[in-house]
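Data first, discussion second: the structure below is written as structure tokens.
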Amino acid sequence: MQISGAWLDAPATQRVLGLLSRAGHQALVVGGCVRNALMGVPVTDVDIATDALPDTVMELAQTCGVRAVPTGLAHGTVTLVIDGQGYEVTTFRRDVQTHGRHATVAFATTVEADAARRDFTMNALYSRADGTVIDPLGGIADLRTRRVRFVGDATTRIHEDYLRILRFFRFHAQYGDPESGLDAEALAACAAGAEGIDRLSAERIGAEMRNLLAAPDPAPAVAAMAQAGVLARVLPGAEAKALTVLVHLEAGLAPDWLRRLVVLGGATSRLRLTRAEDRALVKLRDAIATSQGAAELGYRLGAELGRTALLARAALLETPPAPHWHSDVQRGAQARFPVRASDLPHLEGAELGAELRRLEARWIASDFSLSKRALLG
């Protein structure tokens with residue numbers, strides 16, 4: 001089987017592969033770039049695997065006038081930079097000891113040994129510079145059926161790094177077949193190892209959840225997470241039911257991971273949100289609890305958060321939003337309250353604030369139609 005693409009034919013890619021192969025070493029593109037090329041999905045990162053040791057990679061790069069950055073020598077990774085683009089070149093590895101988060105590795109000399117330590121069969125795919133695919137573990141067959149399957153024993157792979165539990169659900173959301181369901185062995189292993197998620201950092205959990213919830217339709221994967229006891233480890237108190245409704249209501253909108261997070265609910269301390277995300281989440285949860293219409297939500301939250309709040313509330317109530325809600329949110333976001341504090345010089349302090357709020361409520365109730373003169377008259 002052959003793959004092709006501008007990313008593989010690019011002079012920089014071929015130069016990196018060539019400087020290794022001309023010296024008698026294996027040089028293979030590996031992982032996501034091969035997987036995505038076979039699936040017709042855009043390739044963003046190009047990783048390279050080789051039997052050359054890191055010091056050898058550094059020496060060969062220097063000889064060829066290529067900048068080499070020792071980004072992870074302990075794990076066998078050197079980044080080669082050509083025309084401003086970085087290529088991670090990693091020596092074949094095999095696990096010799098695992099710790100539940102990171103493994104102690106030793107360098108290997110064969111593709112088969114390197115493939116055996118990867119997470120999923122669809123990521124254990126390699127290609128030569130001419131596009132010839134090497135498939136040591138049957139990953140192509142799993143790609144054809146869109147089956148996310150652990151390499152070897154699922155429990156062993158999970159014990160090597162418990163983040164693989166979340167990666168399993170994320171990969172199913174991104175690449176799996178929703179009609180076929182999740183791999184039974186993998187799902188059972190995830191459920192059995194769910195407690196290991198408590199060992200992971202909030203940064204790692206948050207990154208995986210962002211990617212998972214940004215998938216076109218994460219609802220089946222998240223529902224499976226809930227059934228396996230995994231969702232409760234990540235978002236204590238979360239409920240998966242409304243997510244399916246939300247994805248249906250989103251039709252035509254780009255996926256938004258925060259919008260999906262809102263309808264799941266639950267505590268978010270395991271995600272390490274940014275301050276901006278945390279503030280937005282508080283605003284959204286407060287707005288969802290009100291009966292404010294589309295235009296008022298747009299006015300109070302802005303167009304983007306207003307749409308999010310409206311859709312999230314509709315999903316939680318399992319009721320579609322009113323017709324023309326898109327334009328109503330936008331209209332509210334563009335509305336400007338015509339009265340200012342300076343228009344009420346006879347008031348100050350709490351009385352001024354109360355009057356401004358009263359006038360604003362009248363203006364909103366008029367669908368933003370009352371003028372300053374009408375409000376103050």
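When PRO236 is tested against (1) more than 24 Å from MET122 (Cβ to Cβ); (2) buried (at least 21 other Cβ atoms within 10 Å of the Cβ), only condition (2) is not met. Among the residues of the range 149-184, those that are touching a helix residue (DSSP H, G or I) at 6+ places or on another chain (Cβ under 6 Å) and among the hydroxyl-bearing types (Ser, Thr, Tyr) comprise THR155, TYR162. Considering only residues in the range 64-86 that are free of Cβ contacts under 8 Å to residues at least 24 places away in the same chain and assigned to a helix (DSSP H, G or I), the one that is farthest from VAL29 (Cα to Cα) turns out to be ALA74. When ALA365, ALA295, ALA341 are checked against the criterion of being touching a residue at least 24 places away in the same chain (Cβ under 8 Å) and either within 22 Å of LEU246 (Cβ to Cβ) or loosely packed, with under 14 Cβ neighbours inside 10 Å (or both), ALA295 stands alone in meeting it. Filtering the range 344-362 to residues that are surrounded by 13 or more Cβ atoms within 10 Å (Cβ to Cβ) and either small (Gly, Ala, Ser) or within 15 Å of LEU297 (Cβ to Cβ) (or both) leaves only GLU360. Among the residues of the range 318-377, those that are assigned to a loop (DSSP other than H, G, I, E, B) and among the small types (Gly, Ala, Ser) comprise ALA322, ALA335, SER366, SER369, SER371, GLY377.
In the set (1) closer than 22 Å to PHE168 by Cβ; (2) touching a residue at least 24 places away in the same chain (Cβ under 8 Å), MET1 fails one condition alone, (1). Count of the range 121-141 residues, restricted to those that are surrounded by fewer than 22 Cβ atoms within 10 Å (Cβ to Cβ) and under 28 Å from ALA240 (Cβ atoms), is 1. In the range 152-177, the qualifying residues are those that are in a helix (DSSP H, G or I) and among the charged types (D, E, K, R), and the one that is farthest from ALA113 (Cα to Cα) is ARG170.
Take THR104 and decide whether it is more than 19 Å from ARG22 (Cβ to Cβ), in contact with a strand residue (DSSP E or B) (Cβ under 9 Å, 6 or more places away or on another chain) and modelled with pLDDT under 95. Considered against the rule, which asks whether it is more than 19 Å from ARG22 (Cβ to Cβ), in contact with a strand residue (DSSP E or B) (Cβ under 9 Å, 6 or more places away or on another chain) and modelled with pLDDT under 95, THR104 comes out as yes.
Taken over the range 121-142, the residue count meeting the criterion of being in contact with a Lys or Arg (Cβ under 7 Å, 6 or more places away or on another chain) and either assigned to a helix (DSSP H, G or I) or of a type in the set (Gly, Ala, Ser) (or both) is 5.
The values are calculated or read from the model by the stated rules, or taken from the named source; none is laboratory data. Remember, predicted model here, so these are calculated numbers, not experimental data. Cβ sites come from the backbone with ideal geometry, for glycine too, and all protein chains shown count toward neighbours.
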